[in-house]
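Notes to accompany the following structure.
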Amino acid sequence: MSLLSDNTTPAQAHGRGRFDATVELNRVICREHYVLRLRLPGGFPPSLPGQFVQLGCRPPGAPDGAIDASWLGGCEHAWQPGDTPPQAQQPELRERVSVLRRPFSIAGRGDDAGGSWIDVIHRVVGVGTAWLAGLKRGDAVDLIGPLGNWFTLPAGKSMGLLVGGGVGLPPMFYLAQALYEAGWDAVGFVGALTADLLAVTFVADTPPDGQGAPWRCVEEYSQFDFPTVVTTDDGSLGMHGRITRGLERYLSAQTREDAAKTVVFTCGPNPMMHAVARLSASHSVDCQVCVEQAMACGMGTCQSCVVKIESPQDPHGTTDAGRPWRYRLACTDGPVFQAKEVLW
Ligand SMILES: Cc1cc2nc3c(=O)[nH]c(=O)nc-3n(C[C@H](O)[C@H](O)[C@H](O)COP(=O)(O)OP(=O)(O)OC[C@H]3O[C@@H](n4cnc5c(N)ncnc54)[C@H](O)[C@@H]3O)c2cc1C
Ligand code: FES
């Protein structure tokens, strides 16, 4: 599906729903990272790069630990040291299970005679992702999606720089597919602390360039004929240094005409995205960021995922520098925002 225009609002989002998915594959891609392909036999609503799904990271149908109302309602418990009140005997407090769903960016999707499939790339960091890592072909997964807004392709632009750090890479892969279909050109920027944390598939006999020259060395991008700049903080593969070093080198070599056609799309840790946003601004290049703010419901109910966004209309406050801001929800107003509007 092609990307929607930049005046499409999240309110115009396609339908979303809860789906019973089946694991088609769950493959280790590098240390701590897995590619999980989920099959949805009845199909999946249209989705766009930047959107995410909420995965139930425990067996579907397992007791959800919902609070038994009769245990609450004015209930008081005279606690003694060593005592466990009945409320604390709920399943989610006794066992290491993830009660809340966990958000994951869509890393790719396809539709065929067997319904739809969705790829998720996950890094094991806690109880939910540890459960995902143990999934085998045929296992059931409960999924809600597609959620959130998406990257947009502004009119007059034709070159995308896809800057993904750590688990910020998955939405970039899905975006590469969309850029290719839209006839854009693109360069991937892939960064990690060290070589075995780079969640990509390297093209055989084509090592990344050590000086940061774009090279068709990463399959996720080279399948669309896009080259990639690889950086590692410790210099174990590709260019030595942070991903911003590779981006700076590239942006500095661009002509003014090329810069005017370029958009930087980025996802990764907040400090990285902030640095990418600053760098893009200093080269007068537009930048869109996909924030992976910790979230609970994923659909605008719990208000746990707020980000401060510049907002002259109806502001909640004003920064010391006089910029009016408003809290926006990463799950429904985002996760994609214009970098220049984010108050980091
Ligand atoms: C919109 C969105 C898209 C995401 N896409 C991906 C993805 O494609 N691949 C992927 O691996 N992860 C992604 N994440 C992060 C992923 O949701 C968390 O890693 C996951 O919830 C951890 O669950 P857990 O039960 O394994 O860890 P928990 O036991 O819940 O937490 C383990 C540790 O990770 C920290 N943590 C949890 N969530 C986040 C977060 N969002 N940012 C920083 N630290 C966090 C916790 O504070 C804790 O220290 C995304 C998050 C968001 C909001
Ligand atoms: S995660 Fe609940 S409102 Fe955003």
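Readers should treat all values here as calculations from the given coordinates under stated rules, not as data from a laboratory. These figures come from a predicted structure and were not determined experimentally. A quick note on method: Cβ atoms are made from the backbone with ideal geometry, for glycine too, and the neighbour counts reach across all protein chains shown.
Under the convention that each Lys and Arg Cβ holds +1 and each Asp and Glu Cβ holds -1, the size of the dipole of segment 159-292 around its Cα centre is about 400 debye. When 144, 243 are arranged by Cβ crowding within 10 Å, least crowded first, meaning fewest neighbours, the order is 144, 243. The helix-based estimate of mean residue ellipticity at 222 nm for the chain, built from -39,500 (n - 2.57) per DSSP H run of four or more residues and divided by its residue count, is -4500 deg cm²/dmol to the nearest 500. Ranked for footprinting exposure by Cβ neighbours inside 10 Å, fewest first, 332, 255 give 255, 332. Each Lys or Arg adds one and each Asp or Glu takes one away; over the other residues whose Cβ falls under 14 Å from the Cβ of residue 228, this sums to -3.
Considered as an equivalent ellipsoid built on the Cα gyration tensor, segment 259-312 has semi-axes of 26, 12, 10 Å, the largest given first.
Every Cα-Cα pair in segment 159-292 was counted, and those over 18 Å apart are 47% of them.
A simple charge model with +1 on the Cβ of Lys and Arg, -1 on the Cβ of Asp and Glu and nothing else charged puts the dipole of the chain at about 140 debye relative to its Cα centre.
The modelled label-to-label distance between residue 282 and residue 124, using points 7 Å beyond Cα along the C-beta direction, is 3.9 nm. Amide H to amide H distances under 5 Å link residue 206 with no residue, where only residues 5 or more positions off or on other chains count and H is placed in the peptide plane. Suppose R0 equals 22 Å; then what is the FRET efficiency for residue 27 and residue 225 from their Cβ-Cβ distance, rounded to the nearest 0.05? Calculated transfer efficiency: 0.35. Loop by DSSP (not H, G, I, E, B), at most 12 other beta-carbon atoms within 10 Å: where is the longest site-free stretch of the chain for trypsin sites (Lys or Arg not before Pro)? Result for the longest clean stretch: 138-344. Over segment 159-292, Cα pairs under 8 Å with separation of 6+ residues give a relative contact order of 26 percent.
When you work out D = kT/(6 pi eta Rh) for the chain at 4 °C and 1.567 mPa s, using the Kirkwood radius from C-alpha pairs as Rh and the Stokes-Einstein form, the result is 61 µm²/s. With neighbour counts taken as other beta-carbon atoms within 10 Å, the residues 286, 320 rank, fewest first, as 320, 286.
In the chain, taking the dipole from charged Cβ atoms about the Cα centre, the farthest positive-side position among 150, 296, 246 is held by 246.
Relative to one another, the C-alpha centroids of segment 199-226 and segment 102-169 are positioned 21 Å apart. Ignoring lysines fewer than eight residues from residue 340 along the same chain, the ones with Cα atoms less than 25 angstrom from its Cα are 157, 261, 308. Projecting the Cα atoms of 321, 215, 178 onto the charge dipole of the chain (Cβ charges, centred on the Cα centre) puts 321 farthest toward the positive pole.
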